[in-house]
Amino acid sequence: MLSELDLAGSLVQAVHQPTREALVLSLFRAGRHVTVLVSLSARYPRIHLLTTRMPNPEKPFRFASFLRAHLRGGRIESAAQVAGQRIVRIAVRRGEEQRILWLRLWSAAANALVTDAEGTILDAFHRRPSKGEVSGGSFDPAPAAAAAAGRPAREYAIRDLPGEGTFNEKVERLFARLEQEGDAERMRGQAEAALAMQETRVLATLKTLEARRAEYADPDRLRELGDLVTSN
């Protein structure tokens with residue numbers, strides 16, 4: 001993914017956050033514009049080229065505003081994977097200031113953090129105080145890298161994805177379909193839950209009405225009782 005994207009030397013022109021789980025980086029390099037999606041969803045965390053347009057919310061999210069303030073106008077010095085981990089380190093230089101954007105693409109704990117050159121956290125996409133992932137904390141991928149280094153090296157084959165185009169383009173199509181299907185399934189589940197609640201309310205109302213109808217089933221007796229009340 002990273003070798004195809006070839007992010008080093010790119011100018012960060014814009015940053016926006018179309019959803020609560022995604023970031024979009026608009027970059028310019030070698031006379032062409034490139035858009036990169038960073039998904040931090042629990043199900044499908046990833047980074048890849050983005051060829052479709054995603055909506056930009058009128059009111060920016062907090063982390064997107066932070067990235068605009070600290071990365072926009074900067075140039076990417078390097079972008080590399082950390083020691084075989086699903087962690088990407090992107091170094092951005094803006095004037096004399098260097099900022100590191102860390103992308104941890106773990107399904108159980110996906111996150112994006114911005115640190116200074118010494119590793120002090122300036123802000124995090126997901127603020128997690130229990131893990132020290134808050135402003136002023138320290139981020140160091142070395143423990144994960146050391147743990148990986150202690151295990152036997154594994155060779156991973158590049159997935160054979162369907163369709164034409166680059167690996168980035170294939171991944172984009174694959175996960176767009178998976179997320180679309182997931183959204184449809186989630187909406188179907190919500191609709192079924194709402195229908196079940198509505199059905200329960202209707203049945204309860206029906207039961208009440210049936211009990212009332214049974215109570216009024218003998219009008220002659222009710223008239224007799226009314227006459228007794230009136231006469232006494």
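The values are calculated or read from the model by the stated rules, or taken from the named source; none is laboratory data. Please read all numbers here as calculations on a predicted model, not as lab measurements. Note: ideal-geometry Cβ built from the backbone for every residue, glycine included; neighbour counts use all protein chains shown. Surface accessibility is based on the protein's heavy atoms, side chains included, excluding ligands, DNA and RNA. Shrake-Rupley method; radii C 1.70, N 1.55, O 1.52, S 1.80 Å.
Observations on the model:
- Dmax and Rg, reported as Rg then Dmax, of the chain (C-alpha, Å): 28.8, 101
- Built amide H within the under 5 Å cut-off of Gly74, gap 5+: Val12
- The residues of the chain have, on average, 64 Å² of accessible surface per residue, using a 1.4 Å probe with all protein chains present.
- In order along the range 195-212, the Karplus-derived 3J(HN,Hα) couplings, from 6.51 cos²θ - 1.76 cosθ + 1.60 at θ = phi - 60°, round to 5, 5, 5, 5, 4, 4, 5, 5, 5, 5, 5, 4, 4, 5, 5, 5, 5, 5 Hz, and Gly and Pro are given as x.
- Length added when fully stretched, Lys131-Arg159, from 0.36 nm per residue minus Cα-Cα: 6.8 nm
- Distances between placed amide hydrogens fall under 5 Å for Ser41 paired with Arg46, all partners being 5 or more residues away or on another chain.
- From most to least packed by mean Cβ count within 10 Å, the peptides 11-23, 220-232, 94-106 give 11-23, 94-106, 220-232.
- Computed over the chain: relative contact order in percent, which uses C-alpha pairs under 8 Å that are six or more apart: 13 percent
- Residue-level accessible surface for Tyr216, protein heavy atoms, 1.4 Å, Å²: 130 Å²
- Semi-axes of the equivalent ellipsoid for the range 1-127, Cα gyration tensor, largest first, Å: 18, 17, 16
- The angle separating the long axis of helix 219-231 from the principal Cα axis of greatest extent in the chain is about 70 degrees.
- 9 Å beta-carbon shell around Leu161, net charge (K/R +1, D/E -1): +2
- Of all accessible heavy-atom area on the range 1-138, the percent that carbon and sulfur account for (1.4 Å): 50 percent
- Calculated [θ] (222 nm, deg cm²/dmol) that DSSP helices of n ≥ 4 give over the chain, each run adding -39,500 (n - 2.57): -12000 deg cm²/dmol
- Largest accessible area first, the listed residues Asp218, Asp160 line up as Asp160, Asp218 when surface is computed with a 1.4 Å probe on the assembled protein chains.
- For Val34, distant residues with modelled amide H under 5 Å away: Leu27, Phe28, Arg29
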